[in-house]
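Derivation of every value follows stated rules applied to the coordinates shown; laboratory data play no part. Since the model is a prediction, treat every value here as computed from it, not as a measurement. Glycine gets a Cβ as well: all are built from the backbone with ideal geometry, and neighbour counts include every protein chain shown.
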C-alpha cells in the first residue's frame with residue numbers, strides 16, 4: 001500500500017503539481033479533524049452572514065474556507081484562487097503556475113446532523129498576466145487535476161491528474177492518504193439513481209419522463225427495478241457512483257426562474273466531471289458535455305447528469 005506522495009512520484013507526476021496536491025491533502029486532513037470534533041470543536045451551527053450565492057454560511061463553511069485560502073495563499077505555486085464562499089478571485093503569487101477553484105465544504109446542510117460532507121478542488125493552468133476572473137474562464141477540459149475529499153466514517157480522497165481516477169483513504173494514525181484503488185472504473189450499467197425528488201414538479205419534461213419510466217420498474221419500458229438514493233451532498237452521491245455505479249443528477253428546474261440551475265460549474269460540476277470521465281463515466285448538462293462549456297463567470301451554475309455510461313446516455317436520449 002502506497003502513500004499519496006509515493007503514488008504520485010511513482011506515476012511521474014510533475015513535481016510542482018505533486019507539491020500542490022499534497023497541500024490540498026494537508027488542508028483536508030485538518031478539516032477532517034474539525035469535522036470529527038463536531039460540537040466539541042465548536043464548528044456546528046450557522047453564522048449571521050451570507051455568501052455571494054445568497055446562502056447562509058455555516059460556521060464550518062467559513063472555517064474551512066479560511067483554512068484553505070490561507071494554505072493556498074502560502075503555496076508559491078498558486079497564482080490565484082476562487083472559492084464558492086468568496087465574492088471575487090483572490091490573487092496569490094504572480095509567478096505561480098496554477099489556479100485553484102474549490103468548494104470548501106460541500107453538503108453544508110449535513111454538518112449539524114453528523115452526515116456526509118466534503119471538499120472539492122479543481123486545478124487549472126495559470127495563464128500569463130494578472131490574476132483576474134477572466135484567467136479562470138477556462139473550460140473544464142483544461143483542468144490538470146481534480147479531487148474531492150469525503151469526510152465520513154473514513155476520510156477518503158478521489159483524485160485525477162488526467163490518467164485515470166485514484167482512490168485514497170486517510171490513515172488516522174499517520175495522517176497519510178493511502179492508495180486503495182489505482183484505476184477506479186464505474187460500471188457502465190446501473191439500476192440506481194440519485195435525485196432530489198422534492199423538485200419533481202419543477203423539472204423539464206425530459207427529466208420528468210426519464211424518472212417516471214425508472215419508477216415504473218420492471219413493469220415499465222425500462223424493464224428493471226431501480227433504487228433511489230439522495231445524500232444532499234454532491235460529494236457523497238458522486239462517491240457512491242465511483243464506488244458502485246449509478247446516476248446522479250441535479251437537473252434544470254423552474255422552482256426559482258432566476259436560478260434554473262443548482263450546482264456551480266467551476267467548483268463542483270467541472271472537477272466531478274473530470275473524476276467521473278476518467279473512471280469511464282459520462283458527465284453532461286443534458287445537452288452538452290460539462291467540461292466543454294466555456295465559463296462566463298466564476299459563480300456560474302449548470303445542470304448536471306453524471307455517472308454510469310449507459311444509464312447517462314439513456315437519460316440523454318430523453319433530452320433529444
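If the chain between residue 219 and residue 174 were fully stretched, how many nm would it gain, using 0.36 nm times the residue separation less the Cα-Cα distance?
Additional length available on full extension: 11.0 nm.
With springs only between Cα atoms under 10 Å, which of 11, 240, 229 fluctuates most in a Gaussian network model of the chain?
11
Counting pairs of alpha carbon atoms under 8 Å apart in space and at least six apart in sequence, what relative contact order in percent does the chain give?
Computed over the chain, the figure is 16 percent.
For the ranges 79-89, 273-283, what's the packing order if you count other beta-carbon atoms within 10 Å of each residue, average per peptide, and put the highest first?
273-283, 79-89
Suppose the chain between residue 22 and residue 314 were pulled fully straight at 0.36 nm per residue; how much longer would it get relative to their current alpha carbon spacing?
Once the chain is fully extended between residue 22 and residue 314, it gains 101.3 nm.
Kindly give the semi-axes, whole Å and largest first, of the ellipsoid equivalent to the stretch 192-318, taking each as the square root of 5 times a Cα gyration tensor eigenvalue.
22, 17, 13
Angle between the Cα long axis of helix 309-318 and the longest principal axis of the chain, 0 to 90 degrees, nearest 10?
Helix 309-318 sits at roughly 60 degrees to that axis.
What relative contact order, as a whole-number percentage, does the stretch 253-320 give when Cα pairs under 8 Å and 6 or more residues apart are counted?
37 percent
Taking a ≥ b ≥ c as the square roots of the Cα gyration tensor eigenvalues, with a/c under 1.5 meaning rounded and otherwise prolate when a/b beats b/c, else oblate, which class fits the stretch 118-276?
oblate
At 222 nm, what helix-only mean residue ellipticity would the chain give, in deg cm²/dmol to the nearest 500, using -39500 (n - 2.57) for each DSSP H run of four or more?
Calculated at 222 nm, the ellipticity per residue is -8500 deg cm²/dmol.
Just report the Cα centroid separation between the stretch 254-320 and the stretch 98-155, whole Å.
Here the answer is 15 Å between Cα centres.
Counting pairs of alpha carbon atoms under 8 Å apart in space and at least six apart in sequence, what relative contact order in percent does the stretch 45-144 give?
Answer for the stretch 45-144 is 21 percent.
I'd like the FRET efficiency for residue 183 and residue 288, computed as 1/(1 + (r/R0)^6) with the beta carbon distance as r and R0 of 25 Å, rounded to 0.05.
0.35
Could you tell me how many cubic angstrom of Cα convex hull volume the stretch 153-225 has per residue?
169 Å³
Rg to Rh ratio, the chain, alpha-carbon atoms and Kirkwood radius?
Value, to two decimals: 0.95.
Using a ≥ b ≥ c from the Cα gyration tensor of the stretch 4-181 (square roots of the eigenvalues), is it rounded, prolate or oblate, where a/c under 1.5 gives rounded and otherwise the larger of a/b and b/c decides, a/b for prolate?
Judged from the Cα gyration tensor, the stretch 4-181 comes out oblate (a/c at least 1.5, b/c at or above a/b).
Find how much the distance from residue 258 to residue 133 grows on full extension, using 0.36 nm per residue of separation minus their present alpha carbon separation; answer in nm with one decimal.
Here the answer is 42.8 nm.
Compute the distance in nm between two label points, each set 7 Å from the Cα along the Cα-to-Cβ direction, one at residue 201 and one at residue 36.
Inter-label distance under the simple model: 4.5 nm.
Using the basic label-point model (7 angstrom from Cα toward the beta carbon), what is the residue 1 to residue 209 distance in nanometres?
The answer from the label model is 4.9 nm.
Restricting to the stretch 159-230, what percent of DSSP beta bridges are antiparallel, rounded to 5?
70 percent
In terms of the Cα gyration tensor, with a ≥ b ≥ c the square roots of its eigenvalues, is the stretch 13-109 rounded because a/c is under 1.5, prolate because a/b exceeds b/c, or oblate?
Oblate, because a/c is 1.5 or more while a/b does not exceed b/c.
If each of residue 114 and residue 66 carries a label point 7 Å out from its Cα toward its Cβ, how far apart are those two points in nm?
Those two pseudo-labels are separated by 2.6 nm.
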